[in-house]
Amino acid sequence: MNEIRHNWHTQEIMNIYNLPLMDLMHKAATIHRENHDPNVVQVSTLVSIKTGGCPEDCGYCPQAARYHTGIKGNDLMTVSQVKDKALQAKASGSSRVCMGAAWRNVKDGPEFDQVLEMVRVINKQDMEVCCTLGMITENQAQRLAEAGLYAYNHNLDSSREYYQEVISTRGFDDRLKTIENVRKTNVTVCSGGIIGMGESIADRAGMLVALTTLNPQPESVPINALVAVTGTPMQEQQPVEIWDMVRMVATTRIVMPHTQVRLSAGRKQMSQEGQAMCFYAGANSIFSGDKLLTTDNPAVNDDAKMFKALGLTSQKPFLKNVHPPTVEAKDSQYQDLGEKPKWSRPGHSIDKNKAAQLKARI
Ligand code: SF4
């Protein structure tokens, strides 16, 4: 097992990122093999339990209400609808269900209680349960943990510096605060970012610096390639080249040897050969299912064929961490505190986000 460093510098990480590609892949693959079974890939299914209508202005996101991207929104799904999705996911080989809600932050009340019940129900199906619900308080993190949550996703998205070009409705420190709240529980942390938003290589390295500084480092780091959706401020961005994706995955593997590196959004635009290079360079998780929230993802059958061709197998649930027990709602030690957390509203504004919002009104 490799030593975990929390003191990486941007330039050091850029030097790794810019290595000749064969050297970079070899180095990453060597570290990957020392820490993980290179033929095992963890498969998650992402279920959008509440789609669209989000008040935030994340420049890459078709679910932000202000951009009018034409996606069909829905209210919070019922517990039984989500249970059905989880069972389908399990039958198709997923070990984890990740539930995503397009919320700025979690509010105590009936909708959060419904999400807690979803966590309980899926945990009892012997599947890992993850949630991505926006910002959460320490009490909300404790309540999710008590329900049996295995992981909480909250991405940093980019470097602290470039973040200000992407989002103006919440600050980078709010993101860190949510991760800190999750870390006070036994729930594992999933946090990564997106490349292809116009950021520099220094920003990509800067994001990895921020993630490696976390102690412990996230158990899971999703690396997303931007899927530029018409109507969003980033609609004109060019697709991420496969070489950039391989470099980012390999660099992430080198600086976070124990972490599960997730090949996330943008897989539909990648060839299977390109994905194979990413697996070789240290990616060991994917999202399965035809949709990744609102954008297209490879068909389950195509992934099954790729796994067969590459000799990959799906990771069993709870291989890396224990199966958390579920406490029933009636036995809960944590109550709705009715907290009104003061999440920040950063002072900056983003011209392209404002322009996209204005365009949507015309
Ligand atoms: S990324 Fe999440 S918080 Fe940002 S606009 Fe989309 S749904 Fe809302």
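Scanning segment 183-216 for residues that are within 25 Å of TYR150 (Cα to Cα), in a helix (DSSP H, G or I) and of a type outside the set (A, V, I, L, M, F, W, C) turns up ARG183, THR212, THR213. Within segment 334-356, the set of residues being part of a loop (DSSP other than H, G, I, E, B) and touching an Asp or Glu at 6+ places or on another chain (Cβ under 7 Å) comprises TYR334, ASP336, LEU337, GLY338, GLU339, TRP343, SER344, ILE350. The residue of segment 32-59 that is nearest to PHE172 (Cα to Cα), among those that are more than 14 Å from the ligand (Cβ to nearest atom) and surrounded by fewer than 18 Cβ atoms within 10 Å (Cβ to Cβ), is ASN35. Among the residues in segment 60-78, are any among the aliphatic types (A, V, I, L, M), in contact with a helix residue (DSSP H, G or I) (Cβ under 8 Å, 6 or more places away or on another chain) and more than 16 Å from the ligand (Cβ to nearest atom)? Scanning segment 60-78, I find no residue that is among the aliphatic types (A, V, I, L, M), in contact with a helix residue (DSSP H, G or I) (Cβ under 8 Å, 6 or more places away or on another chain) and more than 16 Å from the ligand (Cβ to nearest atom), so the answer is no. Annotation for segment 293-312: at least one member residue is of a type in the set (A, V, I, L, M) and under 21 Å from LEU149 (Cα atoms).
Confirm whether VAL47 is part of a strand (DSSP E or B) and in contact with a Gly (Cβ under 6 Å, 6 or more places away or on another chain).
Here the answer is no, as VAL47 does not meet what is asked.
Looking at segment 246-266 only, could you name the residues that are touching a strand residue (DSSP E or B) at 6+ places or on another chain (Cβ under 7 Å), assigned to a helix (DSSP H, G or I) and either of a type outside the set (A, V, I, L, M) or within 29 Å of LYS354 (Cα to Cα) (or both)? Across segment 246-266, the qualifying residues are THR252, ARG253.
Laboratory data are not the source of any read-out in this text; all were calculated from the coordinates shown. Predicted model, so just to flag it, every value in this text is computed and none were measured. Heads up, the Cβs are rebuilt from the backbone with ideal geometry, glycines too, and the neighbour counts pull from every protein chain shown.
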